[in-house]
Amino acid sequence: MPDIPKHLSSVLQSIIRAIQAGKMRFTTHAQAQMAIRHITNIEIVESLTSHSVEIIENYPDDKYSPSCLIYGVTKSGRILHVQSNYNAVIITSYDPDPKKAENTTMVKCPVCQNHMVRKTIRYTQEWNGKLVAFDNVPADVCETCGEQLLEGHIVDKINQTLWSMEPPHGQLQVPLYDLAVS
């Protein structure tokens, strides 16, 4: 696993260190909820060690010892909320409701200054005269003005795909309208 980013809180650093040391454990409640929600151990690790990881709520008096609700994104772009104590004992995890305020990230929109929400989007771009689409792209999206922000590692992935011109996973048919003709 990569080094732990220095900007993360000491709580997140402690949880990530425990994961790296193989000390992450799950309550039986967490296992049951993961089974119902089809969440894997790998997805929990990916979300807790993602570039987007952040604590969104603290529970200092929780019965499992101090714990927190953590926002993270898996490598496939799945957004998860994971409740963990400070020693990486996973209490529960779930797919958050995109309409709830708790999914708001700490990122502010550079256009309108409202908070942004983490979503997976379909990103399209013109490249060498062709429209290219990328599915399951994690992005911070402003629900007020629609601005979309991508993290650096996502930009690198998109650019590497464009530069290499790997065969696409599928094709889209897109209607084309010419407003100059009407």
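Okay, here's what the table says:
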{"read-out": "Residue 26 long-range amide H proximity, modeled H, under 5 Å", "value": "90"}
{"read-out": "Which label in (1) 16.2, 48; (2) 19.0, 67; (3) 18.8, 74 gives the computed Rg and Dmax of the Cα atoms in Å", "value": "(2)"}
{"read-out": "Amide H contacts under 5 Å for residue 52, placed H, 5+ residues apart", "value": "73"}
{"read-out": "Helix-only mean residue ellipticity at 222 nm for the chain, each DSSP H run of n ≥ 4 adding -39500 (n - 2.57), per residue, nearest 500", "value": "-7000 deg cm²/dmol"}
{"read-out": "FRET E, pair residue 122, residue 160, Förster distance 22 Å, beta-carbon r, rounded to 0.05", "value": "0.75"}
{"read-out": "Förster radius 25 Å - calculated FRET efficiency between residue 108 and residue 36, Cβ distance, rounded to 0.05", "value": "0.10"}
{"read-out": "Amide H within-cut-off set for residue 144, under 5 Å, with H built and near neighbours excluded", "value": "none"}
{"read-out": "Separation of the residue 174 and residue 10 label points, Cα + 7 Å toward Cβ, nm", "value": "5.0"}
{"read-out": "Region 10-94 pair-distance distribution - Cα-Cα, 5 Å bins, rounded %", "value": "3, 17, 29, 29, 18, 4, 0"}
{"read-out": "Positive dipole terminus of the chain, leading residue within 161, 142, 47 (C-beta point charges)", "value": "47"}
{"read-out": "Phi to ³J(HN,Hα) by Karplus 6.51 cos²θ - 1.76 cosθ + 1.60 over region 17-27, Hz, x for Gly, Pro", "value": "4, 5, 4, 4, 8, x, 9, 5, 10, 10, 5"}
{"read-out": "Computed over region 63-182: relative contact order in percent, which uses C-alpha pairs under 8 Å that are six or more apart", "value": "14"}
{"read-out": "FRET E, pair residue 181, residue 54, Förster distance 35 Å, beta-carbon r, rounded to 0.05", "value": "0.15"}
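Just so you know, all these numbers are worked out from the coordinates, no wet-lab data involved. Values in this document were obtained by computation on a predicted structure and should not be read as measured data. Cβ sites come from the backbone with ideal geometry, for glycine too, and all protein chains shown count toward neighbours.
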